[in-house]
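Reviewing the structure listed below.
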Amino acid sequence: MSAWQHFTKAEFKCKHYGQNKMQDSFITKLDALRTKVGFSLHVTSGYRCPKHNAAVSPGTGLNGPHTTGRAVDFALSRHRGWEVLRAAMEMGFTGIGVQQKGEGRFLHLDDLQEPEHAPRPTIWSY
């Protein structure tokens, strides 16, 4: 039996090579978020190996947030996205990316600490 009520670690594996370096403590935090919002959260991207991250997110290259094992994208739209956004901010997530136009709407969450070049907490849109 897994340590989480709502997720399995396998949901977060890299779609490129299948590696999974997600941090258990981050999944625990996501599990608490899921409990707080009261509805399921579909993982579209969890851990990404550096090569896969560079291919799908050239702006962050080989060492973007997903390569740390402390970032996730959930397929969400409209009011559900808002509910997760509000709960994530209350729970101390420090990176929030919002894509709510057209197809493939999602919400990115991470809890990375402040690097020199990018103050945290921060929010951005795609």
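Considering only region 45-56, state which residues are outside any loop (DSSP other than H, G, I, E, B) and either surrounded by 15 or more Cβ atoms within 10 Å (Cβ to Cβ) or out of contact with any helix residue (DSSP H, G or I) (no Cβ under 9 Å at 6 or more places or on another chain) (or both).
Those that are outside any loop (DSSP other than H, G, I, E, B) and either surrounded by 15 or more Cβ atoms within 10 Å (Cβ to Cβ) or out of contact with any helix residue (DSSP H, G or I) (no Cβ under 9 Å at 6 or more places or on another chain) (or both): SER45, PRO50, HIS52, ASN53, ALA54, ALA55.
Working only within region 1-44, note down all residues that are free of Cβ contacts under 8 Å to residues at least 40 places away in the same chain and among the hydroxyl-bearing types (Ser, Thr, Tyr).
SER2, THR8, TYR17, SER25, THR28, THR35, SER40
Of all residues in region 1-37 being assigned to a loop (DSSP other than H, G, I, E, B), of a type in the set (D, E, K, R) and modelled with pLDDT of 95 or more, which is farthest from LEU112 (Cα to Cα)?
My answer is LYS13.
Could you list, in sequence order, all residues of region 27-53 that are more than 12 Å from the chain's Cα centre (by Cα) and β-branched (Val, Ile, Thr)?
Matches in region 27-53: THR28, THR35, VAL37.
Given the conditions (1) in contact with a Leu (Cβ under 9 Å, 6 or more places away or on another chain); (2) modelled with pLDDT under 95, report the number of the one that GLY64 does not fulfil.
The one condition GLY64 does not meet is (1).
Using the structure shown, decide if VAL43 is on the phi < 0 side of the Ramachandran plot, of a type outside the set (Lys, Arg) and touching an Asp or Glu at 6+ places or on another chain (Cβ under 9 Å).
Taking the combined requirement at face value, the residue satisfies it.
Restricting attention to region 64-82, which residues are open to solvent by 10 Å² or more (accessible area, probe 1.4 Å) and touching an Asp or Glu at 6+ places or on another chain (Cβ under 6 Å)?
Matches in region 64-82: PRO65, ARG70.
Residue under question is GLY59, and the condition is that it be of a type in the set (Gly, Ala, Ser) and open to solvent by 70 Å² or more (accessible area, probe 1.4 Å); does it hold?
yes
Could you list all residues from region 1-26 that are under 11 Å from the mean Cα position of the chain (by Cα) and either open to solvent by 70 Å² or more (accessible area, probe 1.4 Å) or among the aliphatic types (A, V, I, L, M) (or both)?
Hit for region 1-26 is MET22, nothing else.
Please find, within region 95-116, the residue that is modelled with the lowest pLDDT out of those that are assigned to a loop (DSSP other than H, G, I, E, B) and polar (S, T, N, Q).
GLN113
The values are calculated or read from the model by the stated rules, or taken from the named source; none is laboratory data. The model shown is predicted, which means the values in this text are computed figures rather than measured ones. For neighbour counting, all protein chains shown are included, and Cβ atoms are generated from backbone atoms with ideal geometry for every residue, glycine included. When the accessible area is computed, the model is the full protein with side chains, heavy atoms only, and any ligands, DNA or RNA have been set aside. Shrake-Rupley method; radii C 1.70, N 1.55, O 1.52, S 1.80 Å.
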